[in-house]
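The values are calculated or read from the model by the stated rules, or taken from the named source; none is laboratory data. No experiment lies behind these values; they were computed from the predicted model shown. Counting neighbours? That spans all protein chains shown, and the Cβs are built from the backbone with ideal geometry, glycine included. To get the accessible areas, we keep the full protein, side chains included, count just its heavy atoms, and leave off ligands, DNA and RNA. Shrake-Rupley method; radii C 1.70, N 1.55, O 1.52, S 1.80 Å.
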Amino acid sequence: MAVVEVEQVTRVYQEKGMPPAHALRGVSLQIEQGEFMALAGPSGSGKTTLLNLIGGLDAATSGEVRVGGQALSGLSRKELADLRRDRIGFVFQSYNLVPVLTAAENAGYVLELQGVGSAERRARVKAVFDRIGLAQFLDARPLKMSGGQQQRVAVARAIVSAPAVVLADEPTANLDQATGAALMDLMRELNKERGITFIFSTHDPMVLSRADRVVRLVDGEIVTAPS
Amino acid sequence: MSGPLSLGWRNIWRNRRRTLISMSAIGVGLLLVIFYSGMVGGMIGEAKNQLDDAGMGHVEVFASGYRLRREVGRTMPDVRAQLHLPPGAQVGTRVLARGLATSARGNEPVQVFGVEWAEEAQLSAHLRKLTSGALPAAGDDRGVLIGEPLAERLALKVGSKVRLMVQRADNEMGADLFRVRGVYHSIAPAIGQRQVYVSAASARALIGIEGAAAHQVVVQLEDPAQADAVAGGLRAALGDRVEVLTWAELLPVLKRMEALTDNVVFAMAFFVYLLVGLGVLNTMLMSVLERTREFGVLMALGTRPSRIIQVVLAESFWIATLSVVLGSVLGSLLTWQFSRTGLRVNPAESLQLGGMIISTLVKTRFNPLDILEATAFVYAMALVVGLYPASRITRLQPAEALRRT
Ligand SMILES: Nc1ncnc2c1ncn2[C@@H]1O[C@H](COP(=O)(O)OP(=O)(O)OP(=O)(O)O)[C@@H](O)[C@H]1O
Ligand SMILES: [Mg+2]
């Protein structure tokens, strides 16, 4: 079953005094449960826009996005927030973490929103940190951690609540090659172990080479049809 | 713990200096409002409770018709037996006359108060503050008490002779020689210059009235709020022979000031908080908007808009709470300190306003209710100051918030 369905989605940015920007021009896409999929394309091709629409962070101008069968159009801000909390994990390019929270608090943030008690939260975060090699960083502040470690915390936060999909917008763009590759390998392993769907955007051939499937966007349109 | 309150608490310390400045601004505003309420409250409260600086009563009874032209012939009999007063009330009877005091140096217009010494000493603060001499003894029909300014103008001191001349009830002039027994100090120069005190008996002899006749009965109450009830009771008991007036009628200025005070304090608080609030709003707005991206991340993770608002409100709540602690502690200390020592607000000892004498040594009134009110104001301000920046964030789509750096 497709965990994400994108149907004829367009997104037109209309800013005052500017010509309308057609960021997406009728994109359709199906993503199956457990896929490890990359969105590729040059800068400005619409990768971030598409990920935002899938994650309910933005509203499509036309068309429909469904996550786990749930159509996003017509949901209120609050309903979208709850949907993200329960089914979608996010990893951004940088500044993912809340600096006043410790690594463990950052990673447990979604669990707290879900109402998971603090002891269980801590236990689940610790299990993930052990798994991804962050065991000694539970109580560290993000600003004291390296970029690669911070991205791992962001990955931990995205997967600890066992979402259906993790959306990662250029997760390795601010990391050096080796660190980026290690992060990709980690996500790949978590994808295999836990069956979590990963959708990420990237320019990076190293990242693309690790994807099961690559969807290429140019000027807001898919050019390499999905298989 | 990363609930809104905890997150808000940590967020306010991200820019320690900014928080301390906001906190000081609100704290000082609160301190000002608390102290000002205490001062105005103390000033009015004192003027109302302690009419003895002016030797006035919360209720005064006059012989019917006397007040109109102050004719000494219009007297009333001794009514003291008919007065039913609440406990703690102090009563005094006065025989009044206007005339001239003459010494070797010259003469000065005066108001002669014929009093029972013990009673009058309770009613008039200045009779308890003699700079020289003593109250005349009972039965001393030649003794007179004068104020410092008059003593100076007529070159009188204890033991000096002074002639008092007044218009008698039969419209003739009456005069007699008195001896200064004491000189008093009043905080109001007008009193010290005009009012001279002799025994009631010698005043009656001077103006030629009989028995226990008098012109005025002065009643001071422990609780000025009882004035209307007491006055009503006296009117019923004494009927047409007398005219009964309350402090509100005798001192309409004081009554109006009392009504005005609450509004004045409110307006002052409003403007202080408006100014402080605008400053803090600006700071809050800056501090929230520069974290737009971070709020975008929180929204992306599934934080509901209402919770985003809670996080921002928690920040203004904590700043308000710190300010309240700071401002109310300092404000209370200051108000409490000056409620004991008093604060001289003018080089003169007193201000006279529409017959009212206000001591310029203001003893602030320490009223916990004032502090509660001022605190409520701060939290109301914090709510506004938090809601606006919060709404600027929740108005954004998460995607937009994430694009901001
Ligand atoms: N909020 C916005 N307002 C106006 N135009 C926008 C906005 N967001 C994106 N765009 C435009 O839409 C197009 C697609 O942008 P998008 O960010 O999705 O591209 P991208 O593929 O993620 O690029 P990059 O690789 O640089 O991140 C671009 O032309 C961009 O300028
Ligand atoms: Mg992008």
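Please grab the % of Cα pairs in region A:86-171 that end up more than 22 Å from each other. Of all Cα-Cα pairs in region A:86-171, 14 percent lie more than 22 Å apart. Here region B:57-247 is described by how far its Cα atoms reach on the three principal axes: 49, 35, 28 Å, from widest to narrowest. Expressed per residue, the C-alpha convex hull volume of region B:271-348 stands at 111 Å³.
Expressed in units of 2.2 N^0.38 Å, where N is the residue count, the Cα radius of gyration of the protein assembly as shown is 1.65. Karplus-based coupling profile of region B:341-346, in residue order and whole Hz: 8, x, 10, 7, 9, 7, with θ = phi - 60° in 6.51 cos²θ - 1.76 cosθ + 1.60 and x standing for Gly or Pro.
Projected label points at residue B:403 and residue B:71, each 7 Å from Cα along the beta carbon direction, are separated by 9.3 nanometres. The phi torsions of region A:216-223, fed into the Karplus equation with coefficients 6.51, -1.76 and 1.60 and a -60° offset, translate into couplings of 9, 10, 9, 6, x, 10, 7, 9 Hz, rounded to whole numbers, with Gly and Pro shown as x. Label point of residue B:155 set 7 angstrom out along Cα-Cβ; within region B:104-121, amide nitrogens under 18 Å from it belong to B:104-109. Other residues whose C-beta falls under 9 angstrom from the C-beta of residue B:44 contribute a net charge of 0, scoring Lys and Arg +1 and Asp and Glu -1.
In this simple spin-label model, placing a label point 7 Å from the Cα along the Cα-to-Cβ direction at both residue B:306 and residue B:391 gives a separation of 1.8 nm. Legend: calculated FRET efficiency, residue B:5 to residue A:25, from the Cβ-Cβ distance at R0 = 51 Å, rounded to 0.05, equals 0.65.
Each of residue B:348 and residue B:225 was given a label point 7 Å from its Cα along the Cα-to-Cβ line. The distance between the two points is 3.3 nm. Note on exposure: B:130, B:402 ranked by accessible area (1.4 Å probe, complete protein assembly) read B:130, B:402, with the most exposed listed first.
Here's how it looks for residue A:91: its modeled amide H is under 5 Å from those of A:167, A:168, A:169, which are all 5 or more places away or on a different chain. Starting from a Cα-only point model with no solvent, please compute log10 I(q)/I(0) by Debye for chain B at q = 0.15 1/Å. Log10 of I(q)/I(0), two decimals: -1.24. The angle between the Cα long axis of helix A:77-87 and the main principal axis of chain A comes to about 60°, on a 0 to 90 degree scale. For region A:27-66, the spherically averaged projection of the C-alpha convex hull amounts to 3.3 nm². Taking a point 7 angstrom from the Cα of residue B:266 along the C-beta vector, which residues in region B:367-396 have backbone N less than 18 Å away? Residues B:369-381 fall inside that zone.
Extension gain, residue A:162 to residue A:118, is 14.1 nm, computed as 0.36 nm per intervening residue step minus the present C-alpha separation. Dividing the summed helix terms, -39500 (n - 2.57) for each DSSP H run of n ≥ 4, by the number of residues in chain B produces a 222 nm estimate of -16500 deg cm²/dmol to the nearest 500. Per-residue Karplus couplings for region B:283-293, computed as 6.51 cos²θ - 1.76 cosθ + 1.60 with θ equal to phi - 60°, are listed in order as 5, 4, 4, 4, 5, 6, 5, 6, 10, 3, 4 Hz, Gly and Pro entered as x. When the alpha carbon gyration tensor of region A:1-144 is reduced to an equivalent ellipsoid, its three semi-axes come out at 32, 18, 15 angstrom, largest first. Taking the Cα centroid of region B:46-125 and of region A:122-140, what is the distance between the two, rounded to the nearest whole Å? Distance between centres, Cα-based: 88 Å. Summary of the geometry: region B:256-335 and region B:158-218, compared by the centres of their Cα atoms, lie 62 Å apart. Under 16 Å from the 7 Å Cα→Cβ point of residue A:206, by amide nitrogen: which residues of region A:161-195? Taking a point 7 Å out along Cα→Cβ of residue A:206, the residues of region A:161-195 whose backbone N falls under 16 Å are A:170-188.
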